[in-house]
Amino acid sequence: MSWSRRLLHCRSFSLSPPPSSSFFPTSFPTSDFKRVFEKDLITFSEKCLVASGAKQEHANTVARVLVAADMRAVYSHGINRLKMYTDECKTGTVDTDASPLVESSRGLTALV
């Protein structure tokens, strides 16, 4: 996958301006959206989760999964959940010290 395809178009996050406006497709709105590189958004998301109390390893996994969902255009399970997840870490809704344990698995299913 070329690096140009590994960009996200987000409303909420602006980490850096695009390198060249002529490089990017014109089909995306430019006034309401900011282009963010996948790697930068993973790093940003991971830092937000760690600052909210998540373990570094778990924060990295969650950040990669959220960004991967957006990259696959499954926005309902993507970066838009970051605020909800950080809020849950801060309020203790989730146990940030817990580690998932797979009790059994079979085929494409697992009991965690």
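Table for the structure above
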{"quantity": "Selection from the range 94-112 of residues that are open to solvent by less than 100 Å² (accessible area, probe 1.4 Å) and either of a type in the set (A, V, I, L, M, F, W, C) or not in a strand (DSSP E or B) (or both)", "calculated": "94, 96, 98, 99, 102, 107, 110, 111"}
{"quantity": "Residue under evaluation residue 101, criteria (1) of a type in the set (A, V, I, L, M); (2) farther than 19 Å from residue 37 by Cα; (3) touching a strand residue (DSSP E or B) at 6+ places or on another chain (Cβ under 9 Å), criterion not met", "calculated": "(3)"}
{"quantity": "Cross-chain or 6+ apart pairs with Cβ under 7 Å, the range 51-68 first and touching a residue at least 12 places away in the same chain (Cβ under 8 Å), then among the basic types (Lys, Arg)", "calculated": "52/90; 53/90; 66/81"}
{"quantity": "Residue list for the range 16-69, restricted to those being modelled with pLDDT of 95 or more, polar (S, T, N, Q) and open to solvent by less than 90 Å² (accessible area, probe 1.4 Å)", "calculated": "43, 45, 52, 60, 61"}
{"quantity": "Hits in the range 47-93 - residues which are among the hydroxyl-bearing types (Ser, Thr, Tyr) and outside any helix (DSSP H, G or I)", "calculated": "52, 93"}
{"quantity": "Tally, over the range 70-90, of residues that are of a type outside the set (D, E, K, R), modelled with pLDDT of 95 or more and open to solvent by 60 Å² or more (accessible area, probe 1.4 Å)", "calculated": "2"}
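The values are calculated or read from the model by the stated rules, or taken from the named source; none is laboratory data. Since the structure is predicted, the reported quantities are computational estimates derived from the model, not experimental observations. All Cβ positions, glycine included, derive from the backbone under ideal geometry; neighbour counts span all protein chains shown. Ligands, DNA and RNA are excluded from the accessible area calculation, which covers all protein heavy atoms including side chains. Shrake-Rupley method; radii C 1.70, N 1.55, O 1.52, S 1.80 Å.
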